[in-house]
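Here's the structure, in C-alpha coordinates; my notes come after.
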(Lines give C-alpha, C1' and ligand atoms only; values in the text may rest on other atoms or scores of the structure.)
Protein backbone atom coordinates (compact mmCIF):
# COMPACT_ATOMS: atom_id res chain seq x y z
CA UNK A 1 0.00 0.00 0.00
CA UNK A 2 1.04 3.58 -0.59
CA UNK A 3 1.89 5.50 2.58
CA UNK A 4 0.94 9.17 2.49
CA UNK A 5 3.84 11.28 3.88
CA UNK A 6 3.20 13.24 7.04
CA UNK A 7 3.26 17.02 6.73
CA UNK A 8 6.52 18.16 8.43
CA UNK A 9 4.77 20.87 10.45
CA UNK A 10 2.37 18.30 11.87
CA UNK A 11 5.28 15.96 12.54
CA UNK A 12 6.85 18.69 14.70
CA UNK A 13 3.59 19.06 16.64
CA UNK A 14 3.23 15.32 17.18
CA UNK A 15 6.89 14.85 18.11
CA UNK A 16 6.60 16.92 21.30
CA UNK A 17 3.56 15.04 22.62
CA UNK A 18 3.89 12.49 25.42
CA UNK A 19 4.16 9.04 23.89
CA UNK A 20 0.86 7.86 25.39
CA UNK A 21 -1.00 10.66 23.53
CA UNK A 22 0.61 10.05 20.16
CA UNK A 23 -1.64 7.30 18.77
CA UNK A 24 -4.87 9.11 19.62
CA UNK A 25 -3.57 12.40 18.21
CA UNK A 26 -2.57 10.82 14.90
CA UNK A 27 -5.75 8.76 14.47
CA UNK A 28 -7.81 11.89 15.07
CA UNK A 29 -5.72 13.97 12.69
CA UNK A 30 -5.55 11.47 9.85
CA UNK A 31 -9.33 11.09 9.74
CA UNK A 32 -9.79 14.80 9.05
CA UNK A 33 -9.39 16.02 5.48
CA UNK A 34 -9.85 19.78 5.21
CA UNK A 35 -8.90 20.51 1.60
CA UNK A 36 -6.99 23.69 2.45
CA UNK A 37 -3.50 24.25 1.09
CA UNK A 38 -0.75 26.87 1.28
CA UNK A 39 1.01 25.49 -1.78
CA UNK A 40 0.04 28.56 -3.89
CA UNK A 41 1.71 30.79 -1.29
CA UNK A 42 4.86 28.69 -1.05
CA UNK A 43 5.28 28.53 -4.81
CA UNK A 44 5.59 32.31 -4.78
CA UNK A 45 8.19 32.56 -2.00
CA UNK A 46 10.96 33.42 -4.50
CA UNK A 47 9.12 36.64 -5.42
CA UNK A 48 7.77 37.39 -1.93
CA UNK A 49 11.22 37.02 -0.33
CA UNK A 50 13.26 38.15 -3.34
CA UNK A 51 15.04 34.78 -3.37
CA UNK A 52 17.60 34.56 -6.16
CA UNK A 53 20.59 32.51 -7.20
CA UNK A 54 24.04 33.82 -6.23
CA UNK A 55 24.87 36.40 -3.57
CA UNK A 56 22.32 38.38 -1.57
CA UNK A 57 21.81 41.78 -3.15
CA UNK A 58 19.50 44.33 -1.55
CA UNK A 59 19.45 46.37 -4.78
CA UNK A 60 17.67 43.67 -6.79
CA UNK A 61 14.34 44.52 -8.41
CA UNK A 62 11.23 43.74 -6.36
CA UNK A 63 8.30 42.08 -8.15
CA UNK A 64 5.02 44.00 -8.01
CA UNK A 65 2.49 42.33 -5.71
CA UNK A 66 -0.17 42.25 -8.44
CA UNK A 67 1.96 39.68 -10.26
CA UNK A 68 2.10 37.48 -7.14
CA UNK A 69 -1.67 37.89 -6.65
CA UNK A 70 -2.33 36.75 -10.22
CA UNK A 71 -0.21 33.61 -9.81
CA UNK A 72 -1.80 32.71 -6.47
CA UNK A 73 -5.30 33.20 -7.89
CA UNK A 74 -4.51 30.97 -10.85
CA UNK A 75 -3.20 28.20 -8.60
CA UNK A 76 -6.10 28.45 -6.13
CA UNK A 77 -8.70 28.26 -8.90
CA UNK A 78 -7.67 24.65 -9.54
CA UNK A 79 -7.79 23.64 -5.85
CA UNK A 80 -10.61 21.83 -4.02
CA UNK A 81 -11.76 24.99 -2.22
CA UNK A 82 -10.76 27.86 -4.54
CA UNK A 83 -12.42 30.78 -2.75
CA UNK A 84 -11.27 29.92 0.77
CA UNK A 85 -7.80 28.90 -0.39
CA UNK A 86 -7.40 32.17 -2.27
CA UNK A 87 -8.54 34.15 0.79
CA UNK A 88 -6.09 32.33 3.07
CA UNK A 89 -3.14 32.42 0.67
CA UNK A 90 -3.47 36.00 -0.56
CA UNK A 91 -3.82 37.38 2.97
CA UNK A 92 -0.64 35.68 4.19
CA UNK A 93 1.18 36.63 0.99
CA UNK A 94 0.25 40.31 1.34
CA UNK A 95 1.24 40.57 5.01
CA UNK A 96 4.46 38.63 4.38
CA UNK A 97 5.32 40.69 1.28
CA UNK A 98 4.96 43.93 3.29
CA UNK A 99 7.06 42.50 6.13
CA UNK A 100 9.84 41.60 3.69
CA UNK A 101 9.90 45.09 2.17
CA UNK A 102 9.80 46.84 5.57
CA UNK A 103 12.58 44.67 7.04
CA UNK A 104 14.85 44.34 4.00
CA UNK A 105 14.37 40.59 3.72
CA UNK A 106 16.30 38.93 0.90
CA UNK A 107 17.30 35.38 0.16
CA UNK A 108 19.64 33.15 -1.78
CA UNK A 109 18.42 29.77 -2.98
CA UNK A 110 20.04 26.88 -1.11
CA UNK A 111 18.87 23.25 -0.94
CA UNK A 112 19.41 22.30 2.71
CA UNK A 113 19.79 18.56 3.26
CA UNK A 114 16.54 16.98 4.60
CA UNK A 115 16.34 14.62 7.55
CA UNK A 116 15.56 11.16 6.14
CA UNK A 117 13.45 8.79 8.21
CA UNK A 118 13.61 4.99 8.33
CA UNK A 119 10.31 4.94 6.44
CA UNK A 120 11.85 6.88 3.56
CA UNK A 121 10.25 10.26 4.33
CA UNK A 122 12.21 13.46 3.81
CA UNK A 123 11.62 15.94 6.65
CA UNK A 124 12.25 19.62 5.88
CA UNK A 125 11.33 22.12 8.57
CA UNK A 126 12.87 25.11 6.81
CA UNK A 127 12.71 27.00 3.54
CA UNK A 128 15.32 26.09 0.94
CA UNK A 129 17.17 29.39 1.07
CA UNK A 130 19.53 31.46 3.20
CA UNK A 131 18.00 34.77 4.31
CA UNK A 132 18.93 38.16 5.68
CA UNK A 133 16.52 40.26 7.74
CA UNK A 134 17.74 43.81 8.24
CA UNK A 135 21.22 42.52 7.45
CA UNK A 136 21.07 39.65 9.96
CA UNK A 137 21.56 36.10 8.59
CA UNK A 138 18.79 33.55 9.12
CA UNK A 139 17.61 30.04 8.38
CA UNK A 140 13.80 30.33 8.31
CA UNK A 141 10.60 28.34 8.37
CA UNK A 142 7.35 30.06 7.41
CA UNK A 143 4.34 28.72 9.32
CA UNK A 144 1.27 30.34 7.70
CA UNK A 145 -1.35 28.44 9.70
CA UNK A 146 -3.97 29.92 11.96
CA UNK A 147 -3.67 29.90 15.73
CA UNK A 148 -5.34 26.53 16.35
CA UNK A 149 -3.05 24.58 14.00
CA UNK A 150 0.16 26.66 14.07
CA UNK A 151 3.37 25.58 15.79
CA UNK A 152 3.38 26.29 19.53
CA UNK A 153 6.33 26.98 21.83
CA UNK A 154 7.33 23.33 22.19
CA UNK A 155 6.96 22.43 18.52
CA UNK A 156 8.98 25.53 17.55
CA UNK A 157 11.69 24.23 19.88
CA UNK A 158 11.62 20.97 17.91
CA UNK A 159 11.92 22.90 14.63
CA UNK A 160 14.86 24.94 15.90
CA UNK A 161 16.57 21.77 17.10
CA UNK A 162 16.27 20.05 13.73
CA UNK A 163 17.49 23.20 11.96
CA UNK A 164 20.48 23.27 14.27
CA UNK A 165 21.40 19.63 13.63
CA UNK A 166 20.65 19.45 9.91
CA UNK A 167 21.89 22.86 8.81
CA UNK A 168 24.24 24.53 11.27
CA UNK A 169 26.05 21.35 12.35
CA UNK A 170 26.05 19.61 8.96
CA UNK A 171 27.40 22.67 7.19
CA UNK A 172 29.22 24.74 9.84
CA UNK A 173 31.49 26.48 7.35
CA UNK A 174 28.51 28.21 5.77
CA UNK A 175 25.79 28.26 8.45
CA UNK A 176 27.37 28.13 11.93
CA UNK A 177 26.70 31.85 12.50
CA UNK A 178 23.15 31.89 11.10
CA UNK A 179 20.25 32.59 13.44
CA UNK A 180 17.27 30.22 13.44
CA UNK A 181 13.81 31.68 12.94
CA UNK A 182 10.14 30.77 12.50
CA UNK A 183 7.81 33.30 10.89
CA UNK A 184 4.23 33.15 12.14
CA UNK A 185 1.21 35.42 11.95
CA UNK A 186 -0.58 37.30 14.70
CA UNK A 187 -3.97 37.27 13.01
CA UNK A 188 -6.79 39.73 13.48
CA UNK A 189 -9.23 38.01 11.15
CA UNK A 190 -8.04 38.91 7.66
CA UNK A 191 -7.09 42.45 8.64
CA UNK A 192 -3.91 43.66 6.94
CA UNK A 193 -2.99 45.28 10.27
CA UNK A 194 -2.19 41.76 11.49
CA UNK A 195 1.49 41.22 12.06
CA UNK A 196 4.23 38.82 11.10
CA UNK A 197 5.97 37.50 14.22
CA UNK A 198 9.60 36.37 14.03
CA UNK A 199 10.39 33.75 16.69
CA UNK A 200 14.09 33.12 17.28
CA UNK A 201 15.96 30.24 18.92
CA UNK A 202 18.00 32.41 21.28
CA UNK A 203 17.91 31.17 24.87
CA UNK A 204 16.04 27.97 23.98
CA UNK A 205 17.44 24.62 25.11
CA UNK A 206 17.57 22.50 21.98
CA UNK A 207 17.00 18.76 21.62
CA UNK A 208 20.00 16.57 20.91
CA UNK A 209 20.32 14.67 17.65
CA UNK A 210 19.49 11.39 19.41
CA UNK A 211 16.36 12.89 20.97
CA UNK A 212 15.25 14.20 17.57
CA UNK A 213 15.90 10.87 15.87
CA UNK A 214 13.96 8.96 18.53
CA UNK A 215 10.97 11.30 18.47
CA UNK A 216 10.77 11.36 14.67
CA UNK A 217 11.01 7.55 14.52
CA UNK A 218 8.18 7.18 17.06
CA UNK A 219 5.88 9.56 15.16
CA UNK A 220 6.58 8.00 11.76
CA UNK A 221 6.02 4.47 13.08
CA UNK A 222 2.61 5.38 14.49
CA UNK A 223 1.76 7.33 11.32
CA UNK A 224 2.48 4.27 9.15
CA UNK A 225 0.70 1.90 11.58
CA UNK A 226 -2.46 4.02 11.52
CA UNK A 227 -2.56 4.07 7.72
CA UNK A 228 -2.01 0.32 7.53
CA UNK A 229 -4.79 -0.28 10.07
CA UNK A 230 -7.17 1.86 8.04
CA UNK A 231 -6.28 0.02 4.83
CA UNK A 232 -6.96 -3.34 6.50
CA UNK A 233 -10.32 -2.15 7.88
CA UNK A 234 -11.29 -0.90 4.42
CA UNK A 235 -10.49 -4.26 2.80
CA UNK A 236 -12.35 -6.13 5.56
CA UNK A 237 -15.35 -3.83 5.10
CA UNK A 238 -15.39 -4.49 1.36
CA UNK A 239 -15.18 -8.25 1.85
CA UNK A 240 -18.03 -8.28 4.40
CA UNK A 241 -20.17 -5.92 2.36
CA UNK A 242 -19.98 -3.03 4.82
CA UNK A 243 -18.16 -0.99 2.16
CA UNK A 244 -18.55 -1.08 -1.64
CA UNK A 245 -15.90 -3.21 -3.34
CA UNK A 246 -15.41 -0.58 -6.05
CA UNK A 247 -15.96 3.12 -5.50
CA UNK A 248 -16.66 5.67 -8.22
CA UNK A 249 -13.94 8.22 -8.77
CA UNK A 250 -14.65 11.89 -8.87
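Are any residues in segment 194-250 assigned to a loop (DSSP other than H, G, I, E, B) and modelled with pLDDT of 70 or more, and if so, which ones?
201, 202, 203, 204, 205, 206, 207, 208, listed by residue number.
Would you mind telling me which numbered condition in (1) loosely packed, with under 13 Cβ neighbours inside 10 Å; (2) closer than 23 Å to residue 214 by Cβ residue 135 fails?
It is condition (2) that residue 135 fails.
Within segment 100-118, does at least one residue satisfy the condition of being surrounded by 15 or more Cβ atoms within 10 Å (Cβ to Cβ), under 23 Å from residue 4 (Cβ atoms) and out of contact with any strand residue (DSSP E or B) (no Cβ under 7 Å at 6 or more places or on another chain)?
no
Only residues that are surrounded by fewer than 19 Cβ atoms within 10 Å (Cβ to Cβ) and within 20 Å of residue 197 (Cβ to Cβ): list them for segment 158-176, please.
Passing the criteria: none in range.
Here is a yes/no grid of residues against (1) surrounded by 17 or more Cβ atoms within 10 Å (Cβ to Cβ); (2) touching a helix residue (DSSP H, G or I) at 6+ places or on another chain (Cβ under 9 Å); (3) within 26 Å of residue 137 (Cα to Cα); (4) at pLDDT below 95:
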residue: 38; (1), (2), (3), (4): yes, yes, yes, yes
residue: 51; (1), (2), (3), (4): yes, yes, yes, yes
residue: 69; (1), (2), (3), (4): yes, yes, no, no
residue: 73; (1), (2), (3), (4): no, yes, no, no
residue: 83; (1), (2), (3), (4): no, yes, no, yes
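Among the listed residues 99, 138, which satisfies the condition of being closer than 21 Å to residue 201 by Cβ, out of contact with any helix residue (DSSP H, G or I) (no Cβ under 6 Å at 6 or more places or on another chain) and not assigned by TED's automatic domain parsing to the domain that holds residue 216?
Checking each option against the conditions leaves just 99.
The values are calculated or read from the model by the stated rules, or taken from the named source; none is laboratory data. No experiment lies behind these values; they were computed from the predicted model shown. Note: ideal-geometry Cβ built from the backbone for every residue, glycine included; neighbour counts use all protein chains shown.
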